[in-house]
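Heads up, the thing below is written out as structure tokens.
The values are calculated or read from the model by the stated rules, or taken from the named source; none is laboratory data. Worth saying up front: this structure is predicted, and the values here are computed from it rather than measured. Cβ atoms come from the backbone with ideal geometry, glycine included; neighbour counts cover every protein chain shown. These accessible areas exclude ligands, DNA and RNA; they are computed on the full protein's heavy atoms, side chains included. Shrake-Rupley method; radii C 1.70, N 1.55, O 1.52, S 1.80 Å.
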Amino acid sequence: MSSASLRSLRIALGTACLALLGGNLHLVAQELDLAAAIARIKQVDRFGAGHAEATAAVAELSRQPASRIPEMLRGFAGTNPLSANWLRAAIEASAERDPSGLPVETLTSLLQDRTQDARARSVAFDLLIAARPDSKETWIESFLDDPCLELRFMAIDRGMKRAAAAVTAQKNEEAVAEYQRLLENARNPDQINAIADSLDKLGQPVDLTAHYGFLTTWSLIGPFDNREKVGFDAIYAPEQDINVMATYVGKEGEVRWQEHTTTAAAGVVDLNTAIAKHMGAVAYAITSFTLSEPTTVSVRLGTPNGHKVWVDGQLVISNHVYHAGNSIDQHQADLQLEAGEHTLLVKICQNEQTDSWAQDWSFQLRLADPTGKGLQLGR
Amino acid sequence: MNWRSSLSFRHLAIAAVVLAAPLPFASATDWLQFRGPDFQGKAQTTALPKEWGPEKNVAWRVELPGKGPSGPIVVDGKVIVTSSGGDARQQDRAYVEAYSEATGERLWRRQFWSTGRPYSHPLSANAAPTPVSDGERVYAFFSSNDLYCLTLDGDLVWYRGLGYDHPKAANDVGMSSSPVIAGDVVVVQIENQGDSFVAGVDRLTGETRWRLARPAEANWGSPISFRTNDVDAVLVVSRTGALAVRADNGESLWTWEGAGSSISSSVVIGDRVLVPYNGLVLTDISSAPPQDVWANERMRPSNTSPIVDGDRIYMLSGNGVLAALDLATGERLWQLRMNGSFWSTPLIADGYLYAFSQAGVAQIVKLGAESGEVVAEYDLGETILASPAASDTGLYIRSDSALWKFATE
């Protein structure tokens with residue numbers, strides 16, 4: 001018997017078994033303790049923890065009638081990134097099997113309720129526009145300041161198209177107002193950059209460095225040795241004692257802290273010019289900032305080099321990677337910080353690659369709220 | 001460097017007849033993995049079109065929800081394809097979809113949020129690895145190291161966020177190694193400058209059976225699976241050498257030290273393996289220790305992987321030179337300049353080679369004993385990095401925006 005025939009036979013037997021169990025899939029499904037099944041999904045954690053229970057639960061949930069999808073969506077509260085994907089798969093399978101049973105009114109209420117889990121609302125939106133494609137535009141218009149950034153992204157995109165149309169129609173004042181409204185709400189860097197570019201062309205330049213919350217004034221010191229990548233793990237003096245008046249023995253002699261304020265776009269500190277071009281080298285940068293009240297601060301770093309970041313002496317970001325991508329917000333740590341002054345120490349390691357594309361020794365760092373909106377702080 | 005002298009067989013556990021590992025429930029006409037059966041890039045069909053164009057032999061075209069250098073696979077009448085989209089910079093929304101092979105109708109779609117790092121070079125995408133199937137399930141893998149096991153009807157069986165488990169297992173340029181099935185495990189090669197490893201994940205339960213540290217170097221090549229003396233095995237190649245392990249427990253069978261390709265992938269040819277290793281090497285792994293049949297340092301696979309048809313090897317360079325090599329000697333027989341630059345590994349069927357340039361120019365080459373001839377060109381006008389798939393009803397290719405089927409009218 002061919003494998004295809006075996007497969008067909010298995011499917012037929014499975015269907016027959018279901019029929020023998022009662023013949024009514026919905027009746028069987030409605031007997032499921034949904035909360036218990038969702039709880040088993042929520043136990044999924046790193047390294048495959050909870051898989052056996054979740055595998056059974058996701059199969060049961062996937063066969064629920066679509067009328068129970070709102071209950072499953074509310075189950076997103078408290079999921080981790082892994083269990084959220086398990087739950088999403090079950091919901092989509094349920095909706096696909098039972099499209100006519102989708103409870104549109106309940107899903108609408110859930111999507112409108114911004115206190116609901118952002119991922120649940122994102123799924124609800126996908127289900128609603130699949131059922132009623134003509135409602136998509138209306139929904140998107142309402143997402144401009146939505147706490148769910150997936151939804152907000154679409155509203156910003158739509159607004160950008162509207163503003164561009166205003167420019168084409170030579171309604172520049174209208175376009176400027178729209179772009180400024182979008183800039184306030186946009187969180188995606190590509191969208192922010194495009195909006196700023198459009199405003200610049202309309203005679204309304206944007207200070208993007210300030211908008212993003214990039215830190216531009218630093219004390220720098222280096223180079224220390226990173227030949228054969230020894231510097232990443234080495235604990236040089238600036239990691240032990242932050243004293244900007246001190247001098248130390250570096251890779252090529254005495255080194256001392258020097259003030260540096262970058263004027264480059266997006267707050268990029270080019271160490272090849274601020275210190276000097278070195279390969280197999282480590283540099284440190286230090287600065288401080290002040291919070292007027294307890295704040296959740298998102299520290300966001302971009303660099304093509306190996307790096308470590310400490311906030312108030314606590315290591316919060318660390319990656320020993322060289323020349324494998326470099327973009328704004330590439331590395332992120334969200335911290336709950338008290339009011340007052342805080343110190344930031346950054347370590348940037350350059351390797352010894354000779355490729356032309358591996359000569360960059362730089363970083364950019366900004367402080368934002370957890371959604372990515374730049375913090376405007378005293379420093 | 002001399003391949004033979006650089007070989008260091010530290011350990012050889014098994015000397016026996018070697019065969020490409022059969023996928024458990026595979027049909028002869030399915031295309032279940034990157035480069036198809038035996039990783040040779042050869043379809044066992046004579047039905048593919050020998051010409052194409054806007055009005056010629058295009059069976060259907062469907063829009064996809066996102067980008068992907070990942071190739072389609074074909075299983076049980078379904079074309080399975082992965083994409084990534086959402087925020088254009090992050091590509092953190094992962095899609096797994098099934099389309100009817102016959103009509104192009106979408107049968108199901110599953111969406112997930114990436115839990116590892118989804119970043120990539122703008123040309124690439126999170127959906128870079130080609131999925132694999134055992135004939136009953138689909139294993140969809142992404143650059144973010146999210147691994148999904150779904151039934152052919154789209155039901156989630158299990159899911160692993162290997163990037164969530166190992167946050168430093170990442171390359172922000174993007175990774176592209178396609179998973180393979182070997183015995184009871186699905187093998188993922190996650191080599192990068194951070195937490196670099198290869199792992200065998202139980203294909204039925206999602207449990208990690210074994211995990212081996214690998215050199216902390218970027219790698220985009222894919223593992224291959226084969227079966228030797230009733231043992232399922234896997235070969236992984238990296239810049240610093242190669243490693244063959246048992247699929248059931250990850251125990252080392254042998255290692256080679258040297259400079260393997262970090263992009264191009266190996267091919268199983270009966271009891272031999274063609275390895276992109278300091279050029280190209282054909283080695284016999286049925287003997288103890290494994291013996292090189294030949295090594296050709298001048299033939300260096302670049303962006304694409306070698307493919308095999310009978311007594312010929314075909315290699316398409318990134319800048320578009322197609323070379324035919326003698327499988328017996330490794331010597332070049334002829335070469336042909338093609339149109340464009342390439343990331344997509346071509347496909348062979350019935351003496352014709354099907355290739356897709358990065359700019360989207362679909363080309364058919366008639367393969368001859370002493371030369372090749374481009375017999376058809378069709379500019380699809382869409383960026384293509386993915387490799388094609390084929391079944392007995394047609395040829396499938398995905399661009400950055402669409403999935404195409406070509407079939408003889």
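Summarised in one figure, the compactness ratio Rg/Rh of the stretch A:77-135, Cα atoms and Kirkwood Rh, is 0.96. Remark: the stretch B:35-46, residue by residue, has Karplus-estimated 3J(HN,Hα) of 6, x, x, 6, 6, 8, x, 10, 9, 8, 8, 10 Hz, where x stands for each Gly or Pro and the curve is 6.51 cos²θ - 1.76 cosθ + 1.60 at θ = phi - 60°. Over the Cα atoms of the stretch A:238-290, the radius of gyration divided by the Kirkwood radius equals 0.96; this is the Rg/Rh ratio. Taken residue by residue and averaged, Cβ atoms of other chains lying within 10 Å of the Cβ of B:105-111 number 3. Shielding by partners for peptide B:197-208, expressed as the average number of C-beta atoms from other protein chains within 10 Å of each residue's C-beta, is 2.
Compactness of the stretch B:316-409 is given as radius of gyration and Dmax, 13.2, 41 Å, from Cα positions. A compact globular protein would have a Cα radius of gyration near 2.2 N^0.38 Å; the ratio found for the stretch A:249-325 is 1.25. For the peptides B:376-388, A:106-118, A:299-311, the ranking by packing is A:299-311, B:376-388, A:106-118, with the highest mean count of neighbouring Cβ atoms within 10 Å listed first. Residues of the stretch A:28-77 whose accessible area, computed with a 1.4 Å probe over protein heavy atoms, drops by at least 40 Å² once all protein chains are present relative to their chain alone are A:R46, A:F47, A:H51. The stretch A:318-378 and the stretch A:207-254 have Cα centres separated by 13 Å.
Taking a temperature of 37 °C and a viscosity of 0.692 mPa s, what whole-number D in µm²/s does Stokes-Einstein yield for the stretch B:179-292 with Rh from Kirkwood over alpha carbon pairs? Result for D is 235 µm²/s.
Using heavy atoms of the protein chains and a probe of 1.4 Å, the accessible area assigned to A:F232 is about 20 Å².
The value given for the stretch B:246-367 is a Kirkwood hydrodynamic radius of 15.2 Å, derived from the mean inverse Cα-Cα separation. Across the stretch A:320-372, the volume of the C-alpha convex hull divided among the residues equals 98 Å³ per residue.
For the segment B:156-169, counting C-beta atoms of other chains within 10 Å of every residue's C-beta and taking the mean gives 6.
Relative contact order for the stretch B:230-360: 13 percent, from Cα pairs under 8 Å spaced at least 6 residues apart, divided by residue count. Exceedance of the 26 Å cut-off in Cα-Cα distance is limited, within the set A:K136/B:K168; A:K347/B:K67; B:K42/B:K78; A:K201/A:K277; A:K136/A:K161; B:K67/B:K168, to A:K136/B:K168; A:K347/B:K67; A:K201/A:K277. Over chain B, Cα pairs under 8 Å with separation of 6+ residues give a relative contact order of 19 percent.
Farthest towards the positive end of the charge dipole of chain A, among the residues A:N351, A:L82, A:V299, is the Cα of A:L82, using unit charges on the Cβ of Lys, Arg, Asp and Glu. Each Lys or Arg adds one and each Asp or Glu takes one away; over the other residues whose Cβ falls under 10 Å from the Cβ of B:I364, this sums to -1. For the stretch B:216-300, trypsin sites (Lys or Arg not before Pro) are listed when DSSP marks them as loop and at most 16 other Cβ atoms sit within 10 Å of their Cβ; the list is B:R239, B:R298.
At q = 0.32 Å⁻¹ the log10 of I(q)/I(0) for the stretch A:139-186 amounts to -1.09, computed by Debye summation with a single uniform scatterer per C-alpha, solvent ignored.
I'd like the distance separating the alpha-carbon centroids of the stretch B:92-157 and the stretch B:196-217, in whole Å. After rounding, the separation between the Cα centres reads 19 Å. Stokes-Einstein diffusion of the stretch A:155-262 at 10 °C, 1.306 mPa s viscosity, Kirkwood radius from Cα pairs, rounded to a whole number: 91 µm²/s.
Across the stretch B:340-355, coupling constants 3J(HN,Hα) worked out from phi with the 6.51/-1.76/1.60 Karplus curve, θ = phi - 60°, read x, 9, 9, 10, 7, 6, x, 9, 10, 8, 6, x, 10, 10, 10, 9 Hz, and Gly and Pro carry x. When peptides B:210-218, A:150-158, B:367-375, B:393-401 are ranked by their average number of other Cβ atoms within 10 Å per residue, the highest-first order is B:393-401, A:150-158, B:210-218, B:367-375. Across the options B:V138, B:L150, B:G161, the greatest Cα extent toward the positive end of the charge dipole of the stretch B:101-171 (unit charges at beta carbon of Lys, Arg, Asp, Glu) belongs to B:G161. For chain A, the spread of Cα coordinates along the three principal axes comes to 84, 57, 46 Å, biggest extent given first. One quarter of the convex hull surface built on the alpha carbon atoms of the stretch A:197-238 amounts to 5.4 nm², the projected area averaged over directions.
Screening chain A for whole DSSP H helices of 24 Å or more along their axis (Cα) with average Kyte-Doolittle hydropathy at least 1.0 returns A:3-20. A convex hull fitted to the Cα coordinates of the stretch B:52-129 yields 109 cubic angstrom per residue.
For the pair A and B, the buried accessible area comes to roughly 3700 Å² in total, with a 1.4 Å probe and the value rounded to the nearest 100.
In a simple Cβ point-charge model (Lys, Arg +1; Asp, Glu -1; nothing else charged), chain B has a dipole of about 720 debye relative to its Cα centre. Computed from phi, the 3J(HN,Hα) profile of the stretch A:286-295 under the Karplus parametrisation 6.51, -1.76, 1.60 (θ = phi - 60°) reads 9, 8, 9, 8, 10, 10, 7, 8, x, 9 Hz, with x in place of Gly and Pro. Averaging 1/r over every pair of different alpha carbons in the stretch B:365-409 and inverting the result gives a Kirkwood radius of 12.3 Å. Taking the Cα centre of the stretch B:61-154 as origin and assigning +1 to Lys and Arg Cβ atoms and -1 to Asp and Glu Cβ atoms, the resulting dipole is close to 320 debye.
Computed from the Cβ-Cβ distance with R0 of 22 Å, the FRET efficiency linking A:L315 to A:E338 stands at 0.75.
Rg of the Cα atoms in the stretch A:259-379, relative to 2.2 N^0.38 Å, amounts to 1.06. Per residue, the convex hull spanned by the Cα atoms of the stretch A:26-180 measures out at 117 cubic angstrom. P(r) tail, the protein assembly as shown: Cα-Cα pairs separated by more than 54 Å, 13% of all pairs. Entry note, the stretch A:250-318: relative contact order of 14 percent, from Cα contacts under 8 Å with a spacing of 6+ residues. Take the Kirkwood radius over Cα pairs of chain B, plug it into Stokes-Einstein at 4 °C and 1.567 mPa s, and you get 63 µm²/s for translational diffusion.
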